[in-house]
């Protein structure tokens, strides 16, 4: 079907790769194009098969998931990276997001949540599990003891109260449709507001907007 989400799975554990493939191949709108046992193989598959999404583990031999993600982003490949890992270390999360990962998930999440996250990421959203978002917020809140420290070197137009509200929900990992439902707005209105937020933050990327919000306590 034309809207099938094409996926590559990268994990150094064969059982994990095979288990994920079995789950995803049961979905009518998903197709696993291939699997990789390390970041180098994952990068090569992304170059050759141009999947829509790659499920990327972090700790892998030869090349880890962060480096593979960085190269996928640097080469301008259209593949969106979803990190699926057991590691919830805040520094590692930030490294993965800065490298270009669009979504960060832990392996203990229910399969239906994984499927929803894949679809949301494919449609342009980022997804952070609540516990991951909480760790990032906690990290950001302790990053500076004064407003001067927290905004050093960063200039932005003031965000309105509504924009900050929307940005805070983006930090939580909510999609535009989820934000619209939460705030009783139309999805089109939220999309327009997100575009305005991007303009004020000087980015066109949802992940970078979230990272800026966390770094400078903008939401």
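Just the residues that are within 21 Å of residue 18 (Cα to Cα) and out of contact with any helix residue (DSSP H, G or I) (no Cβ under 8 Å at 6 or more places or on another chain), please, taken from the stretch 49-78. Full working, then the answer.
Here is the first cut: in the stretch 49-78, the ones within 21 Å of residue 18 (Cα to Cα) are 49-65, 68.
Scanning the stretch 49-78 gives 49, 50, 61.
Evaluate the following for residue 23: is it touching a helix residue (DSSP H, G or I) at 6+ places or on another chain (Cβ under 6 Å) and surrounded by fewer than 16 Cβ atoms within 10 Å (Cβ to Cβ)?
On the way: touching a helix residue (DSSP H, G or I) at 6+ places or on another chain (Cβ under 6 Å): yes; surrounded by fewer than 16 Cβ atoms within 10 Å (Cβ to Cβ): yes.
Yes, satisfied.
Starting from residues that are touching a strand residue (DSSP E or B) at 6+ places or on another chain (Cβ under 7 Å) and farther than 24 Å from residue 23 by Cβ, keep the ones in the stretch 94-113 and report whichever is surrounded by the fewest Cβ atoms within 10 Å (Cβ to Cβ).
Residue satisfying both the conditions and the ranking: 100.
Let me spell it out: the conditions are (1) in a helix (DSSP H, G or I); (2) touching a helix residue (DSSP H, G or I) at 6+ places or on another chain (Cβ under 9 Å), and residue 199 meets all of them except one. Which number is the exception?
Every condition holds for residue 199 apart from (2).
Every residue, every condition in (1) modelled with pLDDT under 90; (2) in contact with a helix residue (DSSP H, G or I) (Cβ under 6 Å, 6 or more places away or on another chain), yes or no:
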position: 92; (1), (2): yes, no
position: 111; (1), (2): no, yes
position: 121; (1), (2): no, no
position: 126; (1), (2): yes, yes
position: 131; (1), (2): yes, no
position: 138; (1), (2): yes, no
position: 148; (1), (2): yes, no
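Quick grid of which residues meet (1) at pLDDT 95 or above; (2) closer than 20 Å to residue 119 by Cβ; (3) under 19 Å from the mean Cα position of the chain (by Cα):
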position	(1), (2), (3)
21	yes, yes, no
53	yes, yes, yes
61	no, no, no
74	no, no, yes
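I'd like the residue in the stretch 202-215 that is in contact with a helix residue (DSSP H, G or I) (Cβ under 6 Å, 6 or more places away or on another chain) and farther than 19 Å from residue 132 by Cβ and, out of all such residues, is modelled with the lowest pLDDT.
Filtering first and then ranking leaves 204.
So residue 81 clears everything in (1) in a strand (DSSP E or B); (2) surrounded by fewer than 18 Cβ atoms within 10 Å (Cβ to Cβ) except one condition, right? Which one?
Only one criterion in (1) in a strand (DSSP E or B); (2) surrounded by fewer than 18 Cβ atoms within 10 Å (Cβ to Cβ) is unmet by residue 81, namely (2).
Are any of the residues in the stretch 21-38 under 20 Å from residue 104 (Cα atoms), in contact (Cβ under 8 Å) with a residue 40 or more places away in the chain, touching a strand residue (DSSP E or B) at 6+ places or on another chain (Cβ under 8 Å) and assigned to a helix (DSSP H, G or I)? Reasoning before the result, please.
Initial filter on the stretch 21-38 (under 20 Å from residue 104 (Cα atoms)): 21, 23-24, 30, 32, 35-38.
Within this subset, residues satisfying the condition of being in contact (Cβ under 8 Å) with a residue 40 or more places away in the chain are 23-24, 30.
With touching a strand residue (DSSP E or B) at 6+ places or on another chain (Cβ under 8 Å) added as a condition, the list becomes 24, 30.
Subsequent filtering for residues that are assigned to a helix (DSSP H, G or I) retains 24.
Scanning the stretch 21-38 turns up at least one residue that is under 20 Å from residue 104 (Cα atoms), in contact (Cβ under 8 Å) with a residue 40 or more places away in the chain, touching a strand residue (DSSP E or B) at 6+ places or on another chain (Cβ under 8 Å) and assigned to a helix (DSSP H, G or I).
Could you grab me the full set of residues in the stretch 1-15 that are touching a residue at least 40 places away in the same chain (Cβ under 8 Å) and either in contact with a strand residue (DSSP E or B) (Cβ under 8 Å, 6 or more places away or on another chain) or in a strand (DSSP E or B) (or both)?
Scanning the stretch 1-15 gives 5, 6, 7, 8, 9, 10, 11.
The values are calculated or read from the model by the stated rules, or taken from the named source; none is laboratory data. Note that the coordinates shown come from a computational prediction; the quantities given were computed from them, not determined experimentally. Quick reminder, even Gly has a Cβ in these numbers, built from the backbone with ideal geometry, and neighbours come from all protein chains shown.
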